[in-house]
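Quick notes on the structure that follows.
The values are calculated or read from the model by the stated rules, or taken from the named source; none is laboratory data. Keep in mind that what you see is a predicted model, and the values were worked out from it rather than measured. Cβ sites come from the backbone with ideal geometry, for glycine too, and all protein chains shown count toward neighbours. Remember, those area values only see protein heavy atoms, side chains included, never the ligands or the DNA or RNA. Shrake-Rupley method; radii C 1.70, N 1.55, O 1.52, S 1.80 Å.
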Amino acid sequence: MGSCLCKDKNDSEEDNDTGVGRSQQRHARGSLRNSYRNPEVLQTSASVKTLSDTVDKLVRETLDVISTMIDNEPEPPNSILMLHSITEKPAGWIELVRSLMRVVPVEHPMGPSVIALLLDDSPLPTKESVLKVGEMVAPKYGLKNNLRKERNLCVIIGCLAEKLAGPSSIALLNNSMLKYLISNLNEDIEPNVKLLSLIALEKFAQTSENKVTIQKTLQDMKQSPFLTLEEYVLSTSFLLRQIGFCACWCLDNYFPVSGRQYSYENTDVSKINAMLNTKDVSEYLKISADGLEARCDAYTFESVRCTFQITKGCWYYEVLLITPGVMQIGWATKESSFLSDDGYGIGDDKYSIGFDGCRRIIWHNAKSIPHSLPTWKSGSILGCLLDLEKQEVIFTLDGESTDPYRHIFNSVKQGFFAAASFMSFQQCRFNFGLEPFRYPPQRAFTNFNESGMLSSSDKIILPRHIYLDMLRKVSVRDDSCTLCFDKKATMRLEPCSHRGFCVTCTEQLKFCPMCRSDIRRKVQECTDSPVNVEVSDVEAIQTET
Amino acid sequence: MSSLPRRIIKETQRLMQEPVPGINAIPDENNARYFHVIVTGPNDSPFEGGVFKLELFLPEDYPMSAPKVRFITKIYHPNIDRLGRICLDVLKDKWSPALQIRTILLSIQALLSAPNPDDPLANDVAELWKVNEAEAIKNAREWTQKYAVED
């Protein structure tokens with residue numbers, strides 16, 4: 001079955017993308033994937049210097065260029081092409097790791113994202129290379145005297161734990177690694193190191209053997225360090241607050257502690273009538289139990305829409321930036337698709353518009369529009385105003401306002417949701433009107449929380465493992481469509497006469513899924529009972545809880 | 001998470017209940033669209049004895065579009081490149097929504113048994129495979145021993 005088709009060079013851009021999209025060819029904005037062509041040519045100018053100098057220079061260049069990368073550039077920057085070529089060899093790959101540790105400043109808003117990006121873009125490391133990285137946590141490397149190196153190494157370890165989930169990740173989490181990361185959760189540890197160690201542990205736990213190992217170690221301790229860290233969730237320091245958020249997430253999802261309630265069980269959602277929609281979000285975004293705070297630690301570009309849809313009037317919400325990196329926050333309709341793997345998010349199609357205060361641009365229809373507001377910082381308040389009557393979108397940063405944007409109304413007039421996309425390690429909190437606004441607009445507006453309505457079951461944000469367990473109990477009827485297993489199979493294709501498909505799936509078919517022959521007619525076979533199963537079992541389960 | 005289509009639930013249930021010999025696909029605990037896959041190298045192939053880790057992701061419009069699959073374990077194969085990307089028609093223009101995770105993984109297993117150097121993704125590997133197949137197979141065996149055999 002299945003042969004190769006790379007002969008067909010006409011769509012070579014597409015052709016290269018045969019694997020899991022998480023690691024390739026993402027959009028220029030959410031990330032910087034692209035295909036690599038002739039990197040050897042680029043390498044010659046660098047060959048005179050030593051490898052470490054060269055790699056350091058390239059990493060610096062990438063850091064510089066990445067904050068200015070806009071629009072769909074045909075090629076990724078030279079520095080990334082050259083790094084890709086250098087890391088083909090194990091020595092080059094290890095040098096990249098060392099260089100990332102040396103070069104990426106702790107305070108660079110995109111630092112950890114760039115590390116994740118460059119590692120994800122490099123060829124797969126050998127097991128020896130991975131273990132070499134593991135050895136770097138040994139005390140003799142003097143990490144404790146160098147915050148930058150240590151923070152960056154923790155980012156690197158987390159990325160590898162995630163990228164290599166499985167045997168290599170298990171090999172990397174040896175005793176000394178486990179001890180090292182867990183001891184980094186201690187009170188006296190520098191918060192940047194603490195945060196990234198915590199995230200690394202979480203990423204290790206994506207491999208179930210590792211999860212068991214970590215959980216066992218935590219249970220042998222007097223008290224899980226995550227419980228102390230979780231209290232930072234309300235801290236006024238934005239760094240500590242991130243630690244609190246991630247600790248809480250780990251306790252709910254990976255390392256539960258007996259006697260501790262899940263966050264959803266003790267979060268008061270009674271006054272919340274609009275939140276981020278956990279059924280309308282790409283897979284890896286983390287959403288708090290109150291549905292108002294979100295964070296991405298995956299290397300994909302994660303997106304979410306809120307629960308409330310706007311059809312008319314003037315609307316406003318605010319976002320508190322917890323981290324200052326790349327996020328695209330604004331408005332999107334249902335048509336806007338979340339292609340987290342390809343780096344597409346809010347503002348990357350004609351159905352959405354997003355403000356990016358890190359690179360100081362506004363995104364719409366995958367085009368960037370510069371704006372004059374300053375770069376955002378942790379603690380900045382972004383205001384998002386959508387006026388459907390005047391057909392204006394206006395963003396404000398700490399009260400300072402952009403010009404109105406109207407382009408988006410050429411493609412869509414209504415049906416907007418508040419929406420946002422997140423690059424790795426980014427976090428923010430939404431205020432849909434639950435709390436007073438800091439910079440309310442001058443014109444008359446409505447807020448989501450006053451107008452929204454959510455059933456009590458809609459407000460429950462379950463930890464994913466509980467939610468997925470419930471889903472797996474769903475059963476399927478015998479007469480259901482063989483493609484979606486969701487609706488009743490009522491259609492027959494002609495002339496091949498293959499059947500077993502529902503109306504919805506048949507609509508999307510270009511050829512017969514069974515024999516690949518062209519479809520001339522789509523015939524409805526039986527209409528004795530309702531065709532559509534409207535209420536999904538999933539919703540039924542949710543109502544029961 | 002977006003609500004999970006019944007198709008994915010059903011396929012997952014079947015993969016767990018009736019696993020395919022030589023293939024192990026386990027859904028990620030936190031992401032039902034992401035599978036951790038292990039394929040054992042087929043007998044009588046240069047990959048025999050190897051245990052190859054792959055990742056498989058079901059995109060939003062699955063099954064109308066194909067799963068995205070990638071090797072995580074390094075492998076010396078003319079149709080698999082250094083990033084682990086696989087050149088296989090059923091993952092691309094020959095995809096049909098009637099195919100499933102299990103059929104795709106079987107195709108990949110078959111690709112290990114029958115490399116196709118005439119349609120290469122990894123050019124240097126394919127070149128050697130054509131001009132000196134014995135040498136290429138030797139390399140593939142070495143890589144299998146080096147990267148795909150557990151200690």
query = Can you list the aspartates and glutamates whose alpha carbon is less than 16 Å from that of residue A:89, not counting same-chain residues fewer than 8 positions off?
reply = A:40, A:120, A:121, A:128, B:81, B:124
task = Give me the Kirkwood hydrodynamic radius of the stretch A:179-258, using the inverse of the mean 1/r over all pairs of distinct Cα atoms, in Å to one decimal.
result = 12.3 Å
query = Hey, rough spin-label estimate for residue A:227 and residue B:131, points 7 angstrom out along Cα→Cβ, what's it come to in nanometres?
reply = 6.6 nm
Percentage, to the nearest whole number, of Cα pairs in chain B over 24 Å apart = 32 percent
message = Distance cut-off 29 Å, Cα to Cα: go down the list A:194/A:222; A:271/A:367; A:312/A:377 and report the pairs above it.
response = A:271/A:367; A:312/A:377
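Summing both sides, how much accessible area is buried between B and A? Use a 1.4 Å probe and give Å² to the nearest 100. Show your work: numbers first, answer last.
On the way: alone 8700 and 25450 Å², together 28070 Å².
Summing both sides, the interface buries roughly 6100 Å².
Leaving out ligands and nucleic acids, note down the accessible area per residue over chain A with a 1.4 angstrom probe, in whole Å². Write out the running numbers ahead of the final one.
Working: 22420 Å² over 545 residues.
Heavy-atom accessible area per residue stands at 41 Å².
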key: Listed peptides A:104-110, A:251-257 by packing density, highest first (mean Cβ within 10 Å)   = A:251-257, A:104-110
request  = Give the shape of the stretch A:276-467 as rounded, prolate or oblate, defined through the alpha-carbon gyration tensor: a ≥ b ≥ c are the square roots of its eigenvalues, a/c under 1.5 means rounded, and otherwise the shape is prolate if a/b is larger than b/c and oblate if not.
outcome  = rounded
query = How far is the Cα center of the stretch A:475-497 from the Cα center of the stretch A:258-306, in Å?
reply = 35 Å
remark   = Sequence order, the stretch A:436-444: Karplus ³J(HN,Hα) from phi using 6.51 cos²θ - 1.76 cosθ + 1.60, θ = phi - 60°, Hz rounded, Gly and Pro as x, gives x, 6, 7, 10, x, x, 6, 6, 5
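Given a Förster distance of 22 angstrom, what is the FRET efficiency for residue A:174 paired with residue A:147, based on the Cβ-Cβ distance and rounded to 0.05? Intermediate values should be presented prior to the final figure.
Working: r = 24 Å, r/R0 = 1.10.
After rounding to 0.05, the efficiency reads 0.35.
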message = Relative to 2.2 N^0.38 Å, what does the C-alpha radius of gyration of the stretch A:372-515 come to as a ratio? Two decimals please.
response = 1.60
request  = Sticking with the crude label model, points 7 Å out along Cα→Cβ, report the distance from residue A:390 to residue A:522 in nm, one decimal please.
outcome  = 4.4 nm
query = Taking a 23 Å limit on the Cα-Cα distance, which of the listed pairs A:459/A:488; A:487/B:10; A:286/A:350; A:286/A:487 fall beyond it?
reply = A:459/A:488; A:286/A:350; A:286/A:487
ask   = In nm, to one decimal, how far is the modelled label at residue A:446 from the one at residue A:89, with both set 7 Å along Cα→Cβ?
value = 6.5 nm
message = Beyond 24 Å, how much of the Cα-Cα pair distribution for the stretch A:51-261 remains, as a whole percent?
response = 42 percent
ask   = Which of the DSSP-defined H helices in chain A satisfy a minimum axial length of 20 Å, computed from C-alpha atoms, and a minimum mean Kyte-Doolittle hydropathy of 0.0?
value = A:51-66, A:147-163, A:238-253
task = Would you mind giving the average projected area, over all directions, of the Cα convex hull of the stretch A:475-524 in nm² with one decimal?
result = 3.0 nm²
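Pull out the extension gain between residue A:515 and residue A:366, defined as 0.36 nm times the separation in residues minus the alpha carbon to alpha carbon distance; nm, one decimal. Let's see the in-between values first.
On the way: separation 149, 0.36 × 149 = 53.64 nm, distance 3.79 nm.
Working it through step by step, the gained length comes to 49.9 nm.
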query = Just how many % of Cα pairs in chain A lie over 46 Å apart, if you round to the nearest whole percent?
reply = 17 percent
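Leaving out ligands and nucleic acids, and using a 1.4 Å probe, what accessible area per residue does the stretch B:6-148 come to in Å²?
Heavy-atom accessible area per residue stands at 36 Å².
Counting only protein heavy atoms and using a 1.4 Å probe, what share of the accessible area of chain A belongs to carbon plus sulfur, as a whole percent?
The nonpolar share, carbon plus sulfur, comes to 51 percent.
Can you give the Kirkwood hydrodynamic radius of the stretch B:20-65 from its Cα pairs, in Å with one decimal?
On the way: mean 1/r = 0.0844 Å⁻¹.
With all distinct Cα pairs of the stretch B:20-65 included, I get 11.8 Å.
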Surrounding net charge for residue A:62, when Lys and Arg each add one and Asp and Glu each subtract one, Cβ distance under 12 Å = -2
